[in-house]
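One structure below.
Nothing in this text is a laboratory measurement; each read-out follows from the coordinates by a stated rule. Remember, predicted model here, so these are calculated numbers, not experimental data. Positions of Cβ are backbone-derived with ideal geometry, glycine not excepted, and every protein chain shown enters the neighbour counts.
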Amino acid sequence: MNTLKASRISTAAGRFAKLIWRPSHLVRVHASAPPLTRQISMDAQSVASRLSNSGLLRSQGLIGGKWVDAYDRKTLKVYNPATGEVVADVSCMGGRETNDAISSAYDAFHSWSKLTAAERSRFLRRWYDLLIAHREELGQLITLEQGKPLKEALGEVSYGAGFIEFYAEEAKRVYGDIIPSPLADRRLFVLKQPVGVVGSITPWNFPLAMITRKVGPALACGCTVVIKPSELTPLTALAAAELSLQAGIPPGVVNVVMGNAPEIGDSLLASTQVRKITFTGSTAVGKKLMTGAGGTVKRVSLELGGNAPCIVFDDADLDVAVKGTLAAKFRNSGQTCVCANRVLVQEGIYEKFANALSKAVQNLQVGDGFTEGVVQGPLINEAAVRKVESFIEDAISKGAKILHGGKRHSLGMTFYEPTVISDVKSEMLLSREEVFGPVAPLLRFKTEDEAIHLANDTNAGLAAYIFTNNMQRSWRVSEALEYGLVGVNEGIISTEVAPFGGIKQSGLGREGSKYGMDEYLEVKYVCLGNMNSN
Ligand code: SIN
């Protein structure tokens, strides 16, 4: 049983997070960052008090239905990437708290998995309704801790909540099979059963949707979860968990621990009660988790890094290609695993496309996500900006040319100019690795075969995009691309109703859609014998 110390448990159910807004002299300053400049139109303090009043600001972990501190009361700071201000202090947890959360999830599994599918469905539906009812607050929370523009953050809430709605419905469609028996006195059945306790490790770029995409199907199937959100963006996860409690989802079904990532990860891996790890994040960490899961032979689902090619053929509609590339590249300031990482452009349309894209990029307004009209927020932290800078330096030193942008934005902090860079070659870092920033590198190709070869010349295989008006080519190239997702004449293709996932080193398994359920189900074969006797 879970042994939580009473003193660690928050007394009032609706206790607010300790929001600590700091004067500017306490702002986190990066060694080489230009000075902070502000252009916030929505008052950040009023966002905080509104969130506080709604009871959605939480600072403790959620274990067995109780909000608890870390045993040693350690905390970690959450920052607003647009301003560097400390937004909140949240509990910094480790192995002990994770083991408590696992025990709670294990206890809860026995009753949650025995509910009828219709009962679980109703809980999920109530959770969905609450997520939508609190769309504004959740969107503001996402902008506050992650930095994406408010409009995009609100879009993430709808997208993220959509997984809970979809899986509320899908819960009722977990069908088994009856297999025609080779022997007359036997009846053969296949049952689908929940895998058990799931450890869910999620990233900072989609603080809500990457959680609901995992937890929705897990709960629908009858699993219980221990969520470890990114330490950079835990507030949205905690708010979503609070709403799960308000929806009546029983204690222990949803648990959240955050803090010491290696300790939490090791505890999840070591536990024999955790039967599955689902992870979205870097390929390097995914490989470690996959190896670690071997010790207890756990199932793993991995959504890892991409290196998405965006192929623009001569026969593409120029406007559609520019609009689609803009969307595929600059969503969340280039910080998604499915963002176009290389833009391969056929020689006949290259100049026209490069000019049109550069012109479109000039119009992207950069700034604090709370400012009206801003479509490009800050990068998540200084390390992210340095990475972009090093990739640009590498490309320029090897002959690439900046068409637009190419440096930190005059706003300072972690703002980077949306950038278009031409004459990029396959050997440059921009082509080999995921930039995770607002940089569109243009590569030139001559033939369809060359484009396919360039596109597939990577260990990654998550998303790819093609722009063409030739229907035969769209089929041919879609089939030839070694990727889990392909967008044709479209730059944003993620949806809860379609399978999301990669091949090669971009991951294992699928999320979203009916396929996302399989990841949380075991297949059990039952043989009934002696069926001919009376
Ligand atoms: C991701 O970046 O991992 C997710 C992006 C999406 O769901 O579209």
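Values for this structure:
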read-out	value
Contour minus Cα-Cα distance for Lys77 and Lys288 (0.36 nm per residue)	73.3 nm
Among the listed pairs Lys114/Lys192; Lys329/Lys504; Lys398/Lys425; Lys298/Lys514; Lys66/Lys298, those beyond 20 Å (Cα-Cα)	Lys329/Lys504; Lys298/Lys514; Lys66/Lys298
Within the chain, longest stretch clear of exposed GluC sites (Glu not before Pro) (DSSP loop, no more than 14 other Cβ within 10 Å)	1-346
Cβ-Cβ FRET estimate between Asp315 and His453, R0 fixed at 30 Å, reported to 0.05	0.95
About the Cα centre, charge dipole magnitude for the chain (Lys/Arg +1, Asp/Glu -1 at Cβ), debye	1280 debye
For segment 135-156 versus segment 493-515, the gap between their alpha-carbon centres in whole angstrom	24 Å
Förster radius 56 Å - calculated FRET efficiency between Lys114 and Gln365, Cβ distance, rounded to 0.05	0.60
Within the chain, percent of DSSP bridges classed antiparallel, to nearest 5	45 percent
Modelled FRET efficiency - R0 41 Å, Asn469 with Lys524, Cβ distances, 0.05 increments	0.25
Out-of-range pairs (alpha-carbon distance over 31 Å; input Lys288/Lys359; Lys214/Lys387; Lys151/Lys228)	Lys288/Lys359
